[in-house]
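Quick notes on the structure that follows.
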Amino acid sequence: MSWHLPWGATAREPWALEVTPERAGWTYAGLRVLVLPAGGEVTFPTGGEEMLVLPLAGTATVHCDGISLRLAGRSSVFAAVTDFAYVPRDATVTIRGQGRFALPAARATRRLSPRYGAARDVPVELRGAGPASRQVNNFCAPDAFDCDRLVAVEVLTPGGNWSSYPPHKHEDDRVHDDGGVEAALEEIYYFEVSGAAPGDAGPVGYQRVYGTDRRPIDVLAEVRAGDVVLVPHGYHGPSMAPPGYPLYYLNVLAGPGPARTMACVDDPRHHWIRASWADQPVDPRLPLTRPGGD
């Protein structure tokens, strides 16, 4: 099983990228990317999955259950925080527009209503410090936007910095001896690199995933724009942005728990790094994007 999926490796009409739970070899989390030409239109069923329509580059109108949701979008993930749409399971959805759109998804039990998520309401968090500084757009974090199982956030890392750091994992539902709370979550990383379009052979980033003796996994992926890394278990991080090339990734998470969560535990060998941030400033290049910054 390959946990690193280059752009184009999972294309299937109408999707430029399609990762279903079956393709990933797990149960809940999925991701699709749609590329529409000028005047483009696609209609599809959601089946048993709830989904978001998240503009990566472009604008669109999303039609579902007799409701039309207009997305102003953005010119790129490095230009602005974007608005987005939620569409429920067991629905027929039509997307009309032009550009590239991510559709994070999760197998759902509840059927909610289609809804609009405004860019101005997206909580923007500056996390870490020094060379571990990054920006997190918590647009579909558990406390920011209601879904049945789906959790999704965007992370922007300035060139030369590391994010998803210190390495952490979320593979078991348990409370650790030190009081740390961990949830069982499947996770997808979708990457873009500043200055590159999906499929370009130019700028790269790097993603590390490693396991435990009980559940081994070993990934060190050179990722380009449009690539995906799947995290079924194990510690993941760092995500590394080379100097001069800011790195973007979209995280999609879902799991079996009754409550949406992002609970994770650090690799205990590296947990001390968090305390070191108290003596370091946040990278002054952050935030890289703001709502309406396009």
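The values are calculated or read from the model by the stated rules, or taken from the named source; none is laboratory data. Just so it is clear, the structure is predicted and the values come from calculations on it, not from any experiment. Virtual Cβ from ideal backbone geometry, glycine too; neighbours counted across all protein chains shown. Heads up: the accessible areas ignore ligands, DNA and RNA and are worked out on the full protein's heavy atoms, side chains in. Shrake-Rupley method; radii C 1.70, N 1.55, O 1.52, S 1.80 Å.
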Here the residues of region 94-108 lying in the modelled label zone of Ser68, meaning backbone nitrogen under 16 Å from a point 7 Å along Cα-to-Cβ, are 94-98
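At 222 nm, what value in deg cm²/dmol follows for the chain if DSSP H runs of at least 4 each add -39500 (n - 2.57) and the sum is divided by all its residues, to the nearest 500?
Working: 2 runs with 8 residues, N = 294.
-500 deg cm²/dmol, from helical runs alone.
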Residues whose placed amide H lies under 5 Å from that of His168, excluding near-sequence neighbours: His236, Asp267
Ignoring ligands, DNA and RNA, please state the percent of accessible area on the chain from carbon and sulfur, probe 1.4 Å. 52 percent
Please list, ordered by chain and number, the residues whose modelled amide H lies under 5 Å from the amide H of Gly99; skip anything fewer than 5 residues away on the same chain. Leu36
In Å², rounded to a whole number, the accessible area per residue of the chain with probe 1.4 Å is 40 Å²
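With an 8 Å Cα cut-off and a minimum separation of 6 or more residues, compute the relative contact order for the chain in percent.
Numbers: 836 pairs, mean separation 61.7, N = 294.
Contact order relative to length: 21 percent.
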May I ask you to evaluate 6.51 cos²θ - 1.76 cosθ + 1.60, the Karplus curve with θ = phi - 60°, for each residue of region 267-279 and list the ³J(HN,Hα) values in order in whole Hz, giving x for glycine and proline? 4, x, 5, 10, 4, 4, 4, 4, 5, 5, 5, 4, 9
For region 21-26, in residue order, the Karplus 3J(HN,Hα) values (coefficients 6.51, -1.76, 1.60; θ = phi - 60°; whole Hz; Gly and Pro = x) are x, 5, 5, 7, x, 9
With Cβ to Cβ distances under 13 Å as the rule, what net charge do the other residues near Leu126 carry (K, R +1; D, E -1)? +2
I want to check the label-to-label distance for Asp279 and Asp121. Put each point 7 Å from Cα in the C-beta direction and report it in nm to one decimal. 4.3 nm
